[in-house]
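To keep things clear, I will list the structure first and then write my remarks on it.
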Amino acid sequence: MPLDAVFLTGLTRELSARITGAKIDKVQQPERDLLLLSLRMPGGSGKLLLHGGVGSARVHLTEGRFENPAEPPMFCMLLRKHLTGARIARVEQPHDERMLILHLDTRDELGTPVQKQLVTEMLGRQSNIILVGPDGVILDCMRRVDTAMSETRPILPGMRYRLPPRQDKPALFDTAPETRAALLDAAEPGAALDQWLLHTFSGLSPLLCRELCYRAFGDASPRFETMTSERRAALLAQLDALVARVAAGELEPVLLLDGEKPKDFSFLPIRQYGGALTCSVRESFSALLDEFYLRRDRAEAMRRRSQALTRTVRTTRDRTAKKLALQREELRRSADRETLRRKADLITANLYRMKKGDCVLCAEDFYADGCPEVEIPLDPLKTPQQNAAALYKRYQKAKTAERHLTGLIAEAEQSLRYLDSVLDELQRAGSEQDLAEIRNELRAAGYLRREKASKREKSQPRAPLRFVSDSGYEILVGRSNTQNDELTHRIARRTDIWLHVQKIHGSHVIIRARDSTPDEQTLAQAASLAVYFSQARGGGKTPVDYTMARCVRKPSGALPGMVLYTEYQTILAESDEPLAHRLQKR
């Protein structure tokens, strides 16, 4: 993911034009490595996102929504003290490095105008966000680095801030054409040219190095053995063109898509992938980064937050599946109980032919046609009567087991289906409140111990997700099993249309018909939402059942989300994420 120095140059120019002079109204820290600055800009309001995490470090304007923790972290409270009310005087990218500095005009405790700096370092594992005071001393940082972690550049409050040491290689954009040609002539043969570019010049990403080689030779990773004067001239021409492009400011936000899924991004069209990936130009660098990182980061954050709960539910589900398998095996064995009774009857009928100590009884089986002779094993330590009684006892035990196991297996199968639906909910959970509702649901169902809930878990459950079809019909989607019950049996009117994917776990969907018949377009869009909010997401066309809400009932004692329905019809639909976002924005 090449958030390299060149891409950051284009981003810095864009931010300079948009946020210079903006006032910071609010500071938030929704996650450990993420800051949000609410800005009041000349053209309106906006939110500036600063991320200091490994693999996701960046700065850009965002339209995303974030859930704040119940208690703000200490670093957030410090930033609120120093940055609230400050104005952004300048946006700087020092020395074409992968870092960005916000120069802020603010006031100290006495009201004296001072300048402070908020530095975002996007340096891989050393990524950080640092607040620097007017005297150049670090006030605090998101990730403190002591001398045990870095002897060359510790970052701690009270220390003077120093820029990271520059790499021991020239920046491509600071070298003359003659210097670049001399470096190329001095290169050792045998290495790949894209690797030579990466290790010779600073400010270039691996993607950009491969792209330069591809544009020069039609090969993303050629080697020096194939170098000729024509190929040498072609590579130098591409380097000159890149330098001229950056100097002229001809940088555009290009997103690389695999179908509809973002895979990479750059500041110029990427040709090396041919038709495998498509290039799509976005309206701004901020919009590109927002689209590329937001969904991925949210999914990763929710994965971390839900990891413990998912592990608990999955363990309970696996234990239930194992117990169910044992019960089914025991039920299978109990199906042979009639053989036990027949053997006991044959022993009773032949008591006169037996004595204590016999190991086997040879007798005619009067239950079978032709009365064939059979051998029945005996316990020599028991009398004939005791052998018969033992077989009758095993027969009664198997008969009782079948009666109990049938109910236990039905209960375990219902529990297994429910736990599978909870795992599906956890995969689709989008916030901490969603996880809190799932925990409460599991406690109510008896799968988690009841304990004192936090304030956030005591909060009122949220309303179902709301969408509006292109024809103007309101469509409601349940967020969890408990909410599915609420939506289907309390919110929905009897004449509303109820939808659910066929034989797959997913959300209940309601079309608010309001005593009218929804058109086919609304029905198709609601069915697409039913597939999108189910286990069938991304699985192609899926059958979706629909009927009136009055035809849906909940069996007595059923777990949350479990229903039976009649008089239904079926429609084929496919998950459509862009459609879901568009209908939700309405």
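To the nearest 20 Debye, how big is the dipole of the stretch 1-126 about its Cα centre, given +1 on the beta carbon of each Lys and Arg and -1 on that of each Asp and Glu?
For this selection, approximately 300 debye.
Its Cα gyration tensor gives the stretch 308-462 an equivalent ellipsoid, and the semi-axes of that ellipsoid, as √(5λ) in whole Å with the largest first, are 56, 14, 11. Amide H contacts under 5 Å for M548: W498, restricted to partners 5 or more places along the chain or on a different chain, H placed in the peptide plane at 1.01 Å from N. So, in Å, what gap is there between the alpha-carbon centers of the stretch 323-395 and the stretch 425-446? The stretch 323-395 and the stretch 425-446 have Cα centres spaced 53 Å from each other. As a length-normalised measure over Cα pairs under 8 Å and 6 or more apart, the relative contact order of the chain settles at 8 percent. Shown for S16, S229, S202: other C-beta atoms within 10 Å of each C-beta, ranked fewest to most, produce the order S229, S16, S202. Along the axis of the charge dipole computed for the chain (Cβ charges of +1 for Lys and Arg, -1 for Asp and Glu, origin at the Cα centre), the listed residues P94, P269, A558 are led at the positive end by A558.
Close amide H contacts of K263 (hydrogens built in the peptide plane, cut-off under 5 Å, sequence separation of 5 or more or a different chain): L256, L257, D258.
Between the Cα long axis of helix 520-532 and the first principal axis of the chain there is an angle of about 90°, rounded to the nearest 10. Annotation: amide H of G561 within the under-5 Å range of D485, sequence separation 5 or more or interchain, hydrogens built in the peptide plane. Scanning the chain for chymotrypsin sites (Phe, Trp or Tyr not before Pro) in DSSP loops with at most 15 neighbouring Cβ atoms within 10 Å leaves 1-365 as the longest stretch between them.
Exposed loop positions in the chain were taken to be GluC sites (Glu not before Pro) whose DSSP state is not H, G, I, E or B and which have at most 16 other beta-carbon atoms within 10 angstrom. Between these positions, the longest stretch is 284-450. Summing Lys and Arg as +1 and Asp and Glu as -1 over all other residues whose Cβ lies under 13 Å from the Cβ of T547 gives a net charge of 0.
Can I get the semi-axes of the stretch 172-286's equivalent ellipsoid? Compute them from the C-alpha gyration tensor as square roots of 5 times the eigenvalues, in angstrom, largest first. Don't skip to the answer; put the middle values down first.
Values: eigenvalues 135, 57, 24 Å².
Here the semi-axes work out to 26, 17, 11 Å.
For the stretch 463-585, relative contact order (Cα pairs under 8 Å, six or more residues apart, normalised by length) works out to 28 percent. Against the chain, whose longest principal axis is taken from its Cα atoms, helix 432-444 shows a tilt of about 10°. Between C359, L48, M122, the Cα set farthest toward the positive side of the dipole of the chain (charges on each charged residue's Cβ, about the Cα centre) is that of C359. Cβ crowding within 10 Å, taken as a proxy for footprinting-reagent exposure, orders I101, I510 from fewest neighbours to most as I101, I510. Computed over the chain, the range of Cα coordinates on each principal axis works out to 115, 66, 54 Å, biggest value leading. This model, with +1 at the C-beta of Lys and Arg and -1 at the C-beta of Asp and Glu, gives the chain a dipole about its Cα centre of some 2460 debye. Averaging 1/r over each pair of different alpha-carbon atoms in the stretch 292-358 and inverting the result gives 17.4 Å, the Kirkwood hydrodynamic radius. Projection of the Cα convex hull of the stretch 5-141, averaged over all directions and equal to a quarter of that hull's surface, yields 8.3 nm².
Roughly speaking, what is the centre-to-centre gap between the stretch 20-51 and the stretch 130-182 when only Cα atoms are used, to the nearest Å? What the calculation gives is 24 Å, centre to centre. A simple charge model with +1 on the Cβ of Lys and Arg, -1 on the Cβ of Asp and Glu and nothing else charged puts the dipole of the stretch 172-286 at about 160 debye relative to its Cα centre.
Normalising by residue count, the stretch 396-448 has a Cα convex hull of 64 Å³ per residue. Cross-link partners of K23 among lysines, defined as those whose alpha carbon lies under 16 angstrom from its own and excluding same-chain residues fewer than eight positions apart: K47, K81, K116.
Putting +1 on Lys and Arg Cβ atoms and -1 on Asp and Glu Cβ atoms, find which of L391, L139, H82 reaches farthest to the positive end of the dipole of the chain. Of the options given, the answer is L391. How big is D, in µm² s⁻¹, for the stretch 473-580 by Stokes-Einstein at 37 °C and 0.692 mPa s if Rh is the Kirkwood radius over C-alpha pairs? The diffusion coefficient I find is 243 µm²/s.
Where a number appears in this text, it was derived from the coordinates with a stated rule and is not lab data. Since this is a predicted model, take the numbers as computed values, not measurements. So basically every Cβ, Gly included, is an ideal-geometry build from the backbone, and we count neighbours across all protein chains shown.
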